[in-house]
Amino acid sequence: MSVSNHQVMLSLDKVSLSYHTGRKTFDHGVHRVLDEVSMDLYEGETLGIMGRNGVGKTTMLRLMAGILAPTRGKVVIQPGKKAALLSLGLGFKPELSGRDNALLAAMLQGSSLEQATTFLDSIAEFSELGESFDAPVKNYSAGMRSRLGFTTALMTHVDILLVDEVLSVGDAHFRGKAQEAMKNRIMGGQTVVFVSHMADQVAKLCNRVIWLDQGKIVDQGDAVEVTDAYSASVVEERKIAAAKKLLR
Amino acid sequence: MVFIPQAGSFTRVFDTLSSILIINVDYSLMPFSQYLRLIDVMARMALRADATKFFLGYIWWVLEPLLFVAVFYFVFSVILGSREPDFIIFLMVGKLTYVWFAKSVTQASTSIVASKGLVGQIDVPKTLFPMSVIQEGLYKQASVFMLLFIVLLGTGYPITATWWYLIPLMLVNYLMIVACGFIGACLVSMVRDFQPLITLGMIFLMFTSGIFWDIRELGDPHKTELLLAANPLAFLLDAYRQILMHETPPDMPHLLMLGAGFGALVCLMVLAMRRYSQFLALKALTA
């Protein structure tokens with residue numbers, strides 16, 4: 001899909017985010033998560049954000065969703081549009097049942113109590129939790145939690161869907177089902193930002209990819225090209241690490 | 001034309017007000033009715049979860065404050081031999097209202113940090129977290145007050161017209177809880193070290209608010225007056241006793257002044273927490 005003729009939904013303009021950790025472990029206690037990152041997100045596209053753990057991918061999504069504000073720079077979203085984060089287990093309250101957690105999540109995303117209640121049956125069905133849906137989430141396995149998290153988030157309708165690593169967990173059967181549901185959303189013209197460190201998944205689902213490292217954009221462009229470059233760099237890094245180990 | 005307030009008109013007025021007061025307010029839009037619904041739903045869920053955790057379930061709502069009273073009664077009446085007439089009623093009125101305040105504020109203080117998971121996932125008004133905890137406390141306190149009234153009636157205290165003063169008194173008490181809860185929640189989100197300080201502050205208040213001693217029996221009227229003026233909680237506890245035990249209306253100007261003060265503080269905190277919503281989120285996530 002060509003994205004150039006679509007309008008910009010959201011853009012980051014030289015966005016930096018840093019915070020004081022209170023402990024002098026980083027640069028005078030200041031931890032820089034993102035450093036002058038600029039990017040545009042177009043209507044209807046599926047943008048992938050790649051990078052290793054701790055390079056600022058989740059922070060970027062949180063900035064887009066308005067959960068955090070940049071220390072410097074600007075986050076501009078088209079007026080009237082809303083971005084929401086689809087992520088594992090929407091901050092579950094462990095002592096509440098899956099049903100209560102799903103209800104709360106839907107309401108926090110803006111559904112009324114009546115709307116949220118009508119979602120519950122489809123959430124129970126899609127997540128395949130069965131009787132466990134009414135058991136406290138603290139008794140859930142990691143797979144069950146991710147199923148509930150994905151399904152709950154899937155029910156919410158937003159202009160920009162921000163997806164954080166949700167497709168990488170759960171058993172093979174559910175993972176396939178989740179990917180299918182995600183694809184349907186994408187085909188339906190949903191604007192999606194998709195965060196992952198799994199190159200093949202990103203290449204399969206995204207039109208365009210941003211490669212993030214140490215809070216900066218290393219490369220961005222065609223999904224296949226960027227994911228290939230990223231995978232190559234990961235292999236390269238592993239080789240260097242192995243060589244260093246041998247030399248020691 | 002007659003102005004008819006509609007659903008959401010309060011929020012609209014509020015939004016206009018806040019946009020005048022603070023330029024570039026950027027917060028998630030949530031209708032006021034949705035906000036109230038969420039507070040209620042979150043509080044009910046927490047209560048249900050709490051009840052299923054314990055064998056005695058909902059009984060703990062009244063059992064816990066009563067045990068508090070029992071402990072105090074044992075110490076001050078049995079061991080120290082307090083000569084206050086009707087000491088148990090005196091103690092119940094003071095202690096049960098103090099527990100409402102102390103528990104609500106302490107729990108509200110840690111509410112944003114405790115909801116870190118949610119805070120990192122969704123941009124909601126940060127007042128939602130302390131408010132739902134305070135609402136939870138309000139539901140519990142309703143049953144505690146019922147129990148207190150039954151005990152009062154059972155021990156021969158009549159319901160009089162003076163009891164009407166309980167309405168403004170409870171309202172001011174509630175505003176005080178909300179104001180202190182909001183301040184506590186912000187302080188703990190920013191610097192965790194405030195959490196033990198707040199707990200300590202509650203113990204300080206417990207000893208200085210006249211829960212197990214009578215603020216009017218200090219022997220020095222000047223001291224009594226000073227304490228009632230300086231410690232709003234002492235004033236409120238005394239007002240409950242005046243109404244329920246002595247059929248005496250509270251000092252209304254003082255009460256209204258407290259109400260206005262805490263009301264203004266609540267408004268100010270709501271505006272500040274909207275303005276610095278993302279900052280609070282960052283602090284809760286990273287500190």
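The values are calculated or read from the model by the stated rules, or taken from the named source; none is laboratory data. From a predicted model like this one, the values you see are computed outputs, not experimental measurements. When we count neighbours, we look across all protein chains shown, and the Cβ atoms used for this are built from the backbone with ideal geometry, even at glycine. In case anyone asks, the SASA skips ligands and DNA or RNA and just uses the protein heavy atoms, side chains included. Shrake-Rupley method; radii C 1.70, N 1.55, O 1.52, S 1.80 Å.
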Notebook entry, point to check: Expressed as a rounded percentage, what relative contact order does chain A have, with Cα pairs under 8 Å and six or more residues apart?
Noted result: 25 percent
Item checked: Neighbourhood net charge (12 Å Cβ-Cβ; Lys/Arg +1, Asp/Glu -1) for A:Asp171 -> +2
Margin query: Report the A-B buried area as the accessible area lost on both sides summed, probe 1.4 Å, in Å² to the nearest 100.
Written below: 2400 Å²
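At 37 °C and 0.692 mPa s, what whole-number value in µm²/s does Stokes-Einstein give for the translational diffusion of chain A, with Rh from the Kirkwood sum over Cα pairs?
My calculation gives 170 µm²/s for D.
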Check: Over the protein assembly as shown, what is the percentage of antiparallel beta bridges among all DSSP beta bridges, to the nearest 5?
Finding: 55 percent
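By how many nm would the segment from B:Thr208 to B:Ser77 lengthen if fully extended, with 0.36 nm per residue of separation less the alpha-carbon distance? Let's see the in-between values first.
Numbers: separation 131, 0.36 × 131 = 47.16 nm, distance 1.88 nm.
Extra length from B:Thr208 to B:Ser77 when fully extended: 45.3 nm.
If the only charges are +1 at each Lys and Arg Cβ and -1 at each Asp and Glu Cβ, what is the size of the charge dipole of the range A:125-228 around the Cα centre, to the nearest 20 debye?
I would put it at about 140 debye.
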Check: Which residue, A:Tyr140, A:Tyr19, A:Tyr42, tops the fluctuation ranking in a GNM of chain A built on C-alpha contacts under 10 Å?
Finding: A:Tyr19
Notebook entry, point to check: How far apart, in nm, are the 7 Å Cα→Cβ label points at B:Lys53 and A:Met198?
Noted result: 3.5 nm
Checklist line | the range B:29-286, relative contact order [Cα under 8 Å, separation at least 6], % | finding: 28 percent
Note to self: I want the local charge near A:Ala242. Using Cβ-Cβ distances under 12 Å, sum +1 for each Lys or Arg and -1 for each Asp or Glu among the other residues.
What the structure shows: +3
Checklist line | Lys, Arg +1 and Asp, Glu -1 on Cβ, resulting dipole of the range B:29-286 about Cα centre, debye, nearest 20 | finding: 940 debye
Item checked: Accessible solvent surface per residue of the range B:29-286, calculated while the other protein chains remain in place, 1.4 angstrom probe, Å² -> 46 Å²
Next item on the list: First select every other residue whose beta carbon is under 14 angstrom from the beta carbon of B:Ile122; then total the charges, Lys and Arg +1, Asp and Glu -1.
Entry: +3
Check: Add -39500 (n - 2.57) for each DSSP H run of 4 or more in chain B, then divide by its residues: what number comes out at 222 nm, to the nearest 500 deg cm²/dmol?
Finding: -24000 deg cm²/dmol
Checklist line | B:Tyr157 accessible area, assembled protein chains, probe 1.4 Å, Å² | finding: 30 Å²
Checklist line | Ratio Rg/Rh, restricted to the range A:101-248 and using Cα atoms, in which Rh is the Kirkwood radius | finding: 1.07
Note to self: Taking amide H atoms as placed 1.01 Å from N in the peptide plane, list the residues 5 or more away in sequence, or in a different chain, whose amide H sits under 5 Å from that of A:Ile49.
What the structure shows: A:Phe194, A:Val195, A:Ser196, A:Ile210
Item checked: Test item: A:58-65 mean partner chain Cβ contacts at 10 Å -> 2
Item checked: Rg/Rh (Cα only; Kirkwood hydrodynamic radius) as it applies to the protein assembly as shown -> 1.05
Margin query: Please report the spacing between the Cα centers of the range A:181-214 and the range A:45-123 in Å, no decimals.
Written below: 16 Å
Notebook entry, point to check: What does the convex hull of the alpha-carbon atoms of chain B project to on average, in nm²?
Noted result: 18.3 nm²
